[in-house]
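These notes concern the structure reproduced below.
The values are calculated or read from the model by the stated rules, or taken from the named source; none is laboratory data. This structure is a prediction, so every number in the text was calculated from the model and none was measured. Glycine gets a Cβ as well: all are built from the backbone with ideal geometry, and neighbour counts include every protein chain shown.
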Amino acid sequence: MQNPSGGLVAALDIGGTKIAGALVDGSGRLLVRARRATPAREDAATVLDAVAGVVGELTAAAEWARVRAVGIGSAGPVDAAAGTVSPVNVPGWREFPLVAEAGRLTGGLPVVLVGDGVAMAAAEHWRGAARGRADALCMVVSTGVGGGLVLGGRLHTGPTGNAGHIGHISVDLDGEPCACGGRGCVERIASGPHISRRALEGGWRPGPDGDTGAAAVAAAARAGDRAALAAFARAGQALAAGIAATATLVEIEVAVIGGGVAGAGEVLLGPLRERLRDYAALSFAAGVEVVPARLGPDAGLVGAAAAAAQRLGLWEWAPDR
Ligand SMILES: [Zn+2]
């Protein structure tokens, strides 16, 4: 992607724990940053005040004069067509008109909204592990499981900005009810909290610090704890089934796995790759590669900027191969 104009995108990454912002240039660099904790239990206006605080820091920067657009990646569900967000972990925001509010806060700049999984996919395609790939699924495995798709060399957002939401594909037909209203979803098995829960149910016990997070389960798995290994094996299996379904449906060449739980590395990726052979059986799906994400916590910001730039034709969209 070239950026002859020197224009910047103001990117916002809105999640249940933090609201991050940055001014992003045409090579994916973050020039100015701002950040607030998300007042997730407060009312709609209080959450918006936190967004306004982040935007205020960005608009105060000298570089603001070069900003041409706003890109927002938000925890979902989002409705990009309506310009609204209803993040599961921010109950004060239900069909909250974030696009209109962001436009108002930024003096009428064009605003592009996508789900956080779609933003991560945009980032990994532009600057990360899916660079140069025409067809990819990028996933965030964390407190939840999200994702986004690149198809035919372009980000595929879907009409509402939620396409690729692999966390809520059912991989266990009669499985446990999921918070989304479905049943047996990938997220219900492969998210950090559910890996921890399964390990505890299987008899794993945390160390003296009482940490039951997925990273602690991963450490126990590396040390050979059977319940911890079984929890990661089950998570890997669920992810494999979801990836295989995606590969069979739309033909992807690579699945990129990011998010905090992906920090478990081979404890997760080993069983995932093994089980993928069971599920991605047809010749055109069998070759799908599974690779770790390359961008860290900044992926949401980089991706929100990329999604906006691509949608608006702001920068010449030609990812170098
Ligand atoms: Zn679900």
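May I ask you to verify whether residue 175 is within 14 Å of the ligand (Cβ to nearest atom) and more than 29 Å from residue 80 (Cβ to Cβ)? Criteria met by residue 175.
Among what's in region 178-188 and is under 18 Å from residue 231 (Cα atoms) and within 7 Å of the ligand (Cβ to nearest atom), pick the residue that is modelled with the lowest pLDDT. Ranking the qualifying residues of region 178-188, first place goes to 178. Being within 16 Å of the ligand (Cβ to nearest atom), surrounded by 24 or more Cβ atoms within 10 Å (Cβ to Cβ) and within 30 Å of residue 153 (Cα to Cα) is a description that does not apply to residue 245. In this structure, is residue 217 modelled with pLDDT of 95 or more, away from the ligand (no atom under 16 Å from the Cβ) and assigned by TED's automatic domain parsing to the domain that holds residue 264? Taking the combined requirement at face value, the residue satisfies it. Within region 61-112, restricting attention to residues that are among the acidic types (Asp, Glu) and buried (at least 17 other Cβ atoms within 10 Å of the Cβ), the residue that is nearest to residue 10 (Cα to Cα) is 101. For region 243-270, residues that are over 17 Å from residue 166 (Cβ atoms) and in contact (Cβ under 8 Å) with a residue 24 or more places away in the chain total 5.
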